[in-house]
Amino acid sequence: MVVRLRLARHGTRSNPFYHLVAIQNTKPRDALPIEKLGEYDPVPKPEYDQPMLSRQQTGENRPGYNGEVIKSGIHVKPVLRKRLEWNEDRIRYWLGVGAQPSKPVFKLLYRTGLIPEDKVHLYMRTRVPSESKTEGASKPPTSE
């Protein structure tokens, strides 16, 4: 049984939201995982350091008014950030017992520093050309 760390898609159409999960590699993408390790929201959401609008209570109470007056505040350019929350201890545990991250998960882990530079080769799945194919291509054909 090979355990993979991969992203399970949730959310609505055009608004993806992912759970980082530890799951068997033969299971479908959204199957019940062994363990949920975190969440990743790739759509940048605006974050404001100060409130955009201030509200002031008044004495009027009429339908649709709720007694609130909205005064314009200082308009601040929002900072767009992707949300990434996960349990680093559990991710390190799964990597330690031999779980293989998928390519997107590998990129996220590498960017955040959970996979150090000297361990990158352990998780990179690259094809090594076989010797017979490389030798045959480098030798010129013999004419007899």
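The values are calculated or read from the model by the stated rules, or taken from the named source; none is laboratory data. On a predicted model such as this, the values are computed, not experimentally measured, just so you know. Cβ atoms come from the backbone with ideal geometry, glycine included; neighbour counts cover every protein chain shown.
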- request: Could you tell me which numbered condition Y40 fails, if it satisfies all but one of (1) modelled with pLDDT under 85; (2) hydroxyl-bearing (S, T, Y); (3) touching a Phe, Trp or Tyr at 6+ places or on another chain (Cβ under 7 Å)?
  value: (1)
query: (1) closer than 29 Å to L5 by Cβ; (2) modelled with pLDDT under 75: which one isn't true of T112, the others all being true?
result: (2)
query: Can you name every residue in region 9-28 that is assigned to a strand (DSSP E or B) and at positive phi?
result: G11
